[in-house]
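Just below is one structure, and these are the notes that go with it.
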Amino acid sequence: MTNIAVILSGCGHLDGAEIRESVLALTALDKAGAKVSIFAPDAEQHHVVNHLTGEETGESRNIIIEAARIARGKIAPLSELNVADFDALVMPGGFGAAKNFSDLAFKGGDCTINPAVKTIITGFFSAGKPIGAICIAPAIVVAALKGKATPTVTIGDDEDGLIKALGGTHQSCKTEQCVIDKEHKIVTTSAYMQDDARVYDVFLGIDRLVQAVMNLTK
């Protein structure tokens with residue numbers, strides 16, 4: 001059985017992991033017959049956002065405790081993720097990836113990646129194990145690998161040239177499709193980079209990503 005590590009950045013698209021992307025990724029992985037283990041950093045998230053109003057609440061919340069809502073409590077600290085135990089990595093998106101895994105949301109192309117997250121990404125890459133990244137997560141992967149590789153990824157359209165600024169190559173892609181960089185074993189799909197994307201199209205893109213990741217493990 002193929003063992004897949006999934007890392008979440010909280011719970012909720014404005015301050016954590018995008019819930020639909022996370023659930024659809026878990027659904028696609030289950031459909032593909034993968035054994036999944038879920039991880040998240042045991043740390044405070046950047047901030048908390050009221051998802052009804054879009055405003056900050058001033059609260060303080062823990063990333064792994066929030067991500068446990070999606071994982072139904074079956075989750076471990078990111079510090080316990082051993083790359084050697086897994087065949088591939090899958091990263092859902094959401095602003096948590098750009099706020100809790102990095103400062104991408106605030107610094108764009110000049111961002112830095114959380115050291116623990118960067119270690120995991122570079123660990124899978126150096127071991128030649130596939131990485132599937134969804135929504136804004138491809139930007140985190142590219143930034144983490146800067147100086148090591150120039151992967152081809154998608155975040156949809158990337159009209160602002162973010163991926164190039166981070167050191168990667170961007171390929172435009174429809175929501176229901178994915179981009180497969182066979183050389184670097186990185187698969188990406190845009191998902192909710194377009195807010196009005198249809199849920200089914202998001203699932204199709206994620207399902208294709210998962211199929212490609214599973215194929216690259218063979």
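Each value in this text was obtained by applying a stated rule to the coordinates, not by laboratory testing. Because the structure is a prediction, the values reported are computed rather than measured. Cβ sites come from the backbone with ideal geometry, for glycine too, and all protein chains shown count toward neighbours.
Could you say whether any residue in segment 142-162 is in contact with a Pro (Cβ under 6 Å, 6 or more places away or on another chain), among the aliphatic types (A, V, I, L, M) and touching a residue at least 60 places away in the same chain (Cβ under 8 Å)? Within segment 142-162 (the criterion being in contact with a Pro (Cβ under 6 Å, 6 or more places away or on another chain), among the aliphatic types (A, V, I, L, M) and touching a residue at least 60 places away in the same chain (Cβ under 8 Å)), the answer is no, since none of the residues qualifies. Among the residues making up segment 43-61, those that are surrounded by fewer than 16 Cβ atoms within 10 Å (Cβ to Cβ) and β-branched (V, I, T) are T53, T57.
Any idea which of G73, G94 is out of contact with any Asp or Glu (no Cβ under 7 Å at 6 or more places or on another chain) and at positive phi? Going through G73, G94 in turn, just one is out of contact with any Asp or Glu (no Cβ under 7 Å at 6 or more places or on another chain) and at positive phi: G73.
Just wondering, is there one or more residues in segment 120-127 that are part of a loop (DSSP other than H, G, I, E, B), in contact (Cβ under 8 Å) with a residue 12 or more places away in the chain, more than 14 Å from the chain's Cα centre (by Cα) and closer than 26 Å to T175 by Cα? Write out each step before concluding.
Pass one, segment 120-127, residues part of a loop (DSSP other than H, G, I, E, B): 127.
Among the residues that remain, those that are also in contact (Cβ under 8 Å) with a residue 12 or more places away in the chain are: 127.
If we keep only those that are more than 14 Å from the chain's Cα centre (by Cα) too, we end up with 127.
With closer than 26 Å to T175 by Cα added as a condition, the list becomes none.
No - not one qualifying residue is present in segment 120-127.
Can you confirm whether D160 is surrounded by 16 or more Cβ atoms within 10 Å (Cβ to Cβ), on the phi < 0 side of the Ramachandran plot and charged (D, E, K, R)? In short, no.
Scoring A98 on the criteria (1) outside any helix (DSSP H, G or I); (2) buried (at least 18 other Cβ atoms within 10 Å of the Cβ); (3) out of contact with any strand residue (DSSP E or B) (no Cβ under 7 Å at 6 or more places or on another chain); (4) of a type in the set (A, V, I, L, M, F, W, C) leaves a single failure, condition (1). One residue stands out among those in segment 128-174 that are over 20 Å from D195 (Cβ atoms) and part of a helix (DSSP H, G or I): the one that is nearest to the chain's Cα centre (by Cα), which is V141.
Taking the residues in segment 206-218 that are buried (at least 24 other Cβ atoms within 10 Å of the Cβ) and out of contact with any helix residue (DSSP H, G or I) (no Cβ under 6 Å at 6 or more places or on another chain) as candidates, determine which candidate is nearest to T27 (Cα to Cα).
Restricting attention to segment 206-218, the residues satisfying the condition of being buried (at least 24 other Cβ atoms within 10 Å of the Cβ) are 206, 209-210, 213.
From what's left, out of contact with any helix residue (DSSP H, G or I) (no Cβ under 6 Å at 6 or more places or on another chain): 209, 213.
On the way: L209: 12, V213: 14 Å.
Of everything passing the filter in segment 206-218, L209 is nearest to T27 (Cα to Cα).
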